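Data block below; observations after.
Taken together, the values in this text are just the output of simple stated rules run on the coordinates, not laboratory data. Please read these numbers as outputs of a predicted model, since none were measured by experiment. Cβ sites come from the backbone with ideal geometry, for glycine too, and all protein chains shown count toward neighbours.
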Amino acid sequence: MSTRLTLRMAIDVDQLLWLHHEALRRRDRAAGRPPQAILRRTVSNAYYALFHELCAQIADLHVGRAHRGTFRYNAIYRAMDHGRARTQFRRLATDPDQGPRATEVAEAFLHLQSARHDADYNPSPIFGLAPTLWLVEAAEAAIACLRAGFPERDDVLTALLVAARS
């Protein structure tokens, strides 16, 4: 039996953001402060939404949307490394030659990754609603920048995929 591949990704970035973003807004209006579990999960999802958007755009750029679901596409999608991304985005965030949108994406990634580490691994911090919503909005803004495109976007995506050589 033949299975037809679709261009839709199984990891839906918009759903990752929407799920907890809406839950937080509803919970905030209905019952006051959301529980820490929801706030922590929201922070983690915001980071992973941006991470998966970057992975998809890297694979779209280097393999092509038409090849989604193939071994080659999936291999490139999965090639992005969290540590390499952090290193590259630290460099980009302080590079005066980068445009404002590249810098915005870099800074959002760095903030989200740090917050995600705290949310997932550090039991001490208490997450507040306003900072959590700010992180979700930062992820949404960075994703919008990536989707709209900017002059350095393809170079930024490629730098996340390969290590720079001296």
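The table that follows gives values for the structure above.
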quantity	calculated
Hull shadow area, averaged, the range 41-119 [alpha-carbon convex hull, nm²]	5.7 nm²
Virtual paramagnetic centre 7 Å along Cα→Cβ of Ala148, amide N under 16 Å, in the range 70-109	99-108
Choice from Ala119, Ala46, Ala139 showing the highest fluctuation, given a GNM over the chain with Cα pairs closer than 10 Å	Ala119
Unit charges on C-beta of K, R, D, E only; dipole of the chain, Debye	540 debye
FRET E, pair Ala141, Asp97, Förster distance 22 Å, beta-carbon r, rounded to 0.05	0.50
Theoretical gain in end-to-end length, Trp134 to Ile11 [0.36 nm per residue, Cα-Cα removed]	42.0 nm
Label-point separation in nm, Arg65 to Ala37, each point 7 Å along Cα→Cβ	3.8 nm
Highest average packing first - 69-75, 101-107, Cβ atoms within 10 Å	101-107, 69-75
Sorted largest first, extent of the range 13-161 alpha carbons per principal axis (Å)	46, 37, 28
Alpha-carbon centroids, the range 101-127 and the range 46-80: separation in whole Å	21 Å
